[in-house]
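Structure first, then comments.
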Amino acid sequence: MELIIKNLSKTYPNGVQALNDISLEIPQGMFGLLGPNGAGKSTLMRTISTLQDADQGSIMLDDINVLEDKQAVREKLGYLPQDFGLYPRISAEVMLDHIAQMKGIGNKSDRKILVESLLQKVNLYKDRKKGLGTYSGGMRQRFGIAQALVGNPSLIIVDEPTAGLDPSERNRFYNLLSEIGENTIVILSTHIVEDVNTLCSNMAIICKGEVLMQGKPKEGIATVQGRIYQKSIDKGDLESYRNDYNLISTKLIEGRLSLRVESETDPGNGFASVPADLEDVYFSYISKKVDPITI
């Protein structure tokens, strides 16, 4: 199973070009789509999931033309959008049963077995009779994954799934997605670098509707290894460093700014060479499109 996106573009009526000639090859497994808010990630996810049309380009899921044969795609798709509505007074098991009916699982006993197995899978079985409105943020996201898995999809899209989750819930979600990604195409759309670094064997960086990088995380890190330098400064000195160095990111630590710059040679002036990580890769590409101070 493979998802091939070629030359995809989308401009909204207000003139905003959300996608600009996007081309991606997404194999089976966990694929991270990394970019800042407003990068075009959600537009791309909605287009792949047949919720909106593109202006031009093509998307193929194996031999299925996604843009033309939408029903065939929907039969193979599980989708967890960034914001999804829940009926607060309906229990998880009743809601999943309803979703299973909508996906064409007509036999009541088959649905019962499916609902129980999905709730076990996402560790919500003991809470199956509780109203969805009583669920924590992490429980809601795990229920979202359960509903996305109804029908045994071969393509699953999750949009900003860990935003707002506490560390323990995030770890539970990581484990769940990793298990799912063993036999399925899972596209993880996020602005959180840790999500991609933890979960994904392949990734792309997108900003202002354009693909800036595609490959394996370790390959991306290799491109900036030996080129990242760090220094702590007073906040008031930032402007002079912005003018003199290729600044890719800043972080405020205990009242001082930690700067990271990218340079082919040692910049001197107190900068120390540090090991590169995936966050450096992300900021290296994004800073070419967006002021790193505003990211």
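Values as computed for the structure displayed
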{"item": "Where N is the number of residues in region 151-295, Cα Rg divided by 2.2 N^0.38 Å", "result": "1.19"}
{"item": "Alpha-carbon centroid distance for the pair region 205-225 / region 79-97, whole angstrom", "result": "35 Å"}
{"item": "CD proxy at 222 nm, helix term only [per DSSP H run n ≥ 4: -39500 (n - 2.57); per residue of the chain; nearest 500]", "result": "-9500 deg cm²/dmol"}
{"item": "Karplus-derived 3J(HN,Hα), 6.51/-1.76/1.60, for each residue of region 125-136, Hz, glycine and proline x", "result": "4, 5, 10, 5, 9, 7, x, 4, x, 8, 6, 6"}
{"item": "Dimensions (Å) - region 2-217, Cα atoms, principal axes, largest first", "result": "46, 37, 35"}
{"item": "Largest-first ordering by accessible area, 1.4 Å probe, given options Tyr12, Tyr241, Tyr87", "result": "Tyr87, Tyr12, Tyr241"}
{"item": "Whole-number percent relative contact order across the chain, with pairs defined as alpha carbons under 8 Å at least 6 apart", "result": "21 percent"}
{"item": "Whole-number D in µm² s⁻¹ for region 226-275, Kirkwood Cα-pair radius fed into Stokes-Einstein, 37 °C, 0.692 mPa s", "result": "303 µm²/s"}
{"item": "Contour minus Cα-Cα distance for Asn123 and Gln82 (0.36 nm per residue)", "result": "12.7 nm"}
{"item": "Region 147-295 - percent of accessible surface contributed by carbon and sulfur, probe 1.4 Å", "result": "44 percent"}
{"item": "Cα long-axis angle, helix 108-121 against the chain (0 to 90 degrees, to the nearest 10)", "result": "30 degrees"}
{"item": "30 Å Cα-Cα threshold exceeded, pairs from Lys10/Lys251; Lys41/Lys70; Lys76/Lys121; Lys70/Lys289", "result": "Lys10/Lys251; Lys70/Lys289"}
{"item": "Candidate residues Lys70, Lys41: accessible-area rank, largest first, probe 1.4 Å", "result": "Lys70, Lys41"}
{"item": "Nearest-ten-degree value, helix 137-149 long axis tilted from longest Cα axis of the chain", "result": "60 degrees"}
{"item": "Gain in span if fully extended, Val274 to Lys235, counting 0.36 nm per residue against the direct Cα distance", "result": "11.9 nm"}
{"item": "Area accessible to solvent at Met1, 1.4 Å probe radius, in Å²", "result": "80 Å²"}
{"item": "Pairwise FRET efficiency - Met102 versus Tyr12, Cβ, R0 = 25 Å, nearest 0.05", "result": "0.25"}
{"item": "Estimated FRET transfer efficiency when R0 is 30 angstrom, pair Lys289-Gln56 (beta carbons, to 0.05)", "result": "0.85"}
{"item": "Cα centroid of region 228-295 to Cα centroid of region 113-162, whole Å", "result": "40 Å"}
{"item": "Zone of Asn171's modelled label, taken as backbone nitrogen in region 110-149 under 17 Å from a point 7 Å along Cα→Cβ", "result": "123, 138-139"}
{"item": "Using θ = phi - 60° and Karplus 6.51 cos²θ - 1.76 cosθ + 1.60, couplings along region 246-261 (whole Hz; Gly, Pro as x)", "result": "7, 6, 10, 7, 9, 8, 7, 10, 6, x, 10, 8, 9, 9, 10, 10"}
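The values are calculated or read from the model by the stated rules, or taken from the named source; none is laboratory data. Everything numeric here is computed off the predicted structure, so don't read it as measured data. When we count neighbours, we look across all protein chains shown, and the Cβ atoms used for this are built from the backbone with ideal geometry, even at glycine. Remember, those area values only see protein heavy atoms, side chains included, never the ligands or the DNA or RNA. Shrake-Rupley method; radii C 1.70, N 1.55, O 1.52, S 1.80 Å.
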